[in-house]
Amino acid sequence: MDKEEAPRRMTRFSASTSTSNILHATKGNNLETLTTNELLVGGDSISLDDIIANFPARSSQILEIARLLGPLNSPLLPLFMYGGASTGKTSIILQLFRHLNRPIVYSSCRTCYNQRILFESVLNQLLLHRKNVANCYTNAKRCERPSDFVNFLREALTSVINNLKEKSNKLVSGNKIHGGMGNIIYLVFDNFHLVRDWDKSSTILPLLFNLYDMLKMPEVGLIFISGTSPDTFYSNMGYVEPIPIYFPDYTEGDIRQILLRNQANQKLYSSFLDVALRPFCRITRQVGELSNALKPLFEKYCEPLSDKGKGVIPTEDMKRRLFNHIKPHIASSLNDVFKVSSPASSKVKVGKETKHKGSPKRSERFEEIGDLDFHMSTSAKYLLISSFLASRNPATLDASLFDSKGGSDNRKRKRKASEKVLEKKEILEEELLMKGPGTFPLERLIAIFQCIVSVAEEPYDEEEPNSNELGAECSNGSLISDVLLQLSTLCNANFIFKGKSCPIEGSTRYRSTISENLALKQVARSLKFPLSKYLYRN
């Protein structure tokens, strides 16, 4: 038998020398590749006219931002771009900096979900530091306190600005007037409205708004991109008010113009939008959501046509025939706009027909549920249930009701309650009935929504282990922005009442207006959701 070699014991010195050699070898490569060009938006150059053409109904905002940015090396007052989701704020600012060829430091407050990660993300970009194996995926600076961030930021900005000035001087000495990046660097904070939900938002918000005054560097520009208006950020601390630029929601005509772009047969697609666009716009006006929802529906629309409708010019008779073909599929597609897993609508309908053929009264009730399926998406139903639970249940019981097992377990406690406990329970129930539905903040509503959606997914995942697409899409953070859009729709329909902001908390309060009969017998039953299991009185 061959003799096995004994493993050589590695000393601390040999380990340090071997790893240091690897680090030096890789560091040398990193320092050569990372330059100030890393701060530019990648891609080929693009003209201002192309940007306006790529973003219909946004020409006024694009021209206004370009005017405020001004020519090369022009100082900039802080900008505050705000508007609803999917209105083109981030895409337009990135495309404008791609057109202007100027350096930016972009940080999203969604991925940088606390102040330390935000500080370190900004410093990593300014110090041209990229986390990799060579540096053990560490940051350039460890920064937790706002005072340290301001000092590190000033040092890093001074270094970058000096490098930019050296480059511009070389271009001037070489008689190259065009092609320079300028001496100004822009700090872009995206999803800025999420900072209000952070633990130390009362400290970080005044800090970021006061950066312009604290740094006192005309070579630095600040741009804030938010989903809410600047009124929601005002505080008693004085700072230079940023210039607001509003991005309104797209109208139905704007969405139509956007969707018609890059279509092979625009006349056929226009006839399809005449039929399908309006009902979908009542649910969502996000272009990405509409594009994904209308794509399979348009394929159904083109099924009766040969060669998928290429080169076909639709006549009035053809439009009428295609509309009759697609009409049964519109209702099911409306429920699929928001991907929350639920039992298939066809199975629910078959169950209704088989169980309630005999009694006409019951069949009428289930027809009402069917109408509810047509007019309301699955996501809106779960949001209604979440608001109902948030109004009826005390906030202190959320942790026990929405635990990892999904709801409270009544089998744990089988002791007979005493008379005093029963009396206290009856008094508490009467008090709850007298008070009526309570108010709740938006954070609690979203937390309950996520809990009940995850609970609703579990049984269907067991039955159908191969179909995990809906569950995967539901876990994405993008669903929250869709829920906020649905919330405004339910508030406009008076299913949820939106009150004024609480003077102590500073956040808007909501209240559910639906009755227990509607919540239990219609909404919850149509989803097969055990609502009574989560009610505190039960």
| Each residue of the stretch 73-86 in turn: what ³J(HN,Hα) in whole Hz from Karplus with 6.51, -1.76, 1.60 and θ = phi - 60°, glycine and Pro shown as x? | 6, 8, x, 10, 6, x, 9, 10, 9, 9, x, x, 5, 6
| If you take the beta carbon distance between residue 147 and residue 517 as r and set R0 to 45 Å, what does 1/(1 + (r/R0)^6) give as a FRET efficiency, to the nearest 0.05? | 0.20
| request: Using 0.36 nm per residue of separation minus the Cα-Cα distance, give me the extension gain between residue 327 and residue 424 in nm, one decimal. | output: 29.3 nm
| task | Given the peptides 61-70, 440-449, arrange them by the average over their residues of other C-beta atoms within 10 Å, most packed first. | result | 440-449, 61-70
| task | Could you work out the relative contact order of the stretch 97-159, using alpha carbon pairs under 8 angstrom and six or more residues apart, expressed as a whole percent? | result | 28
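For residue 493 and residue 138, calculate 0.36 nm times their separation in residues minus their Cα-Cα distance, and state this gained length in nm to one decimal.
122.8 nm
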| request: Taking 7 Å along the Cα-to-C-beta vector as the label spot, tell me the residue 155-residue 170 distance in nanometres, rounded to one decimal. | output: 2.5
| query | Remind me, what semi-axes does the stretch 252-337 give for its equivalent ellipsoid, largest first in whole Å, using sqrt of 5 times each Cα gyration tensor eigenvalue? | reply | 20, 15, 11
| Over 30 Å between alpha carbons, listed pairs 89/295; 300/381; 300/533 | 300/533
| Where in the stretch 93-121 does the amide nitrogen come within less than 13 Å of the point 7 Å from the Cα of residue 50, taken along Cα to Cβ? | 95-101
| said: If I model a spin label as a point 7 Å beyond the Cα along the Cα-Cβ vector, how far apart are those points for residue 210 and residue 295 in nm? | reply: 4.8
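Sort the stretch 46-205 into rounded, prolate or oblate with this rule: let a ≥ b ≥ c be the square roots of the eigenvalues of the Cα gyration tensor; rounded if a/c is under 1.5, and if a/c is not under 1.5, prolate when a/b is larger than b/c, oblate otherwise.
oblate
Between residue 278 and residue 507, what is the FRET efficiency for a Förster distance of 51 Å, r being their Cβ-Cβ separation, to the nearest 0.05?
That pair, residue 278 with residue 507, gives E of 0.90.
Each reported figure results from applying straightforward, stated rules to the coordinates on display, with no laboratory input. Bear in mind the structure is a predicted one, so any value in this text is a computation, not a measurement. Quick reminder, even Gly has a Cβ in these numbers, built from the backbone with ideal geometry, and neighbours come from all protein chains shown.
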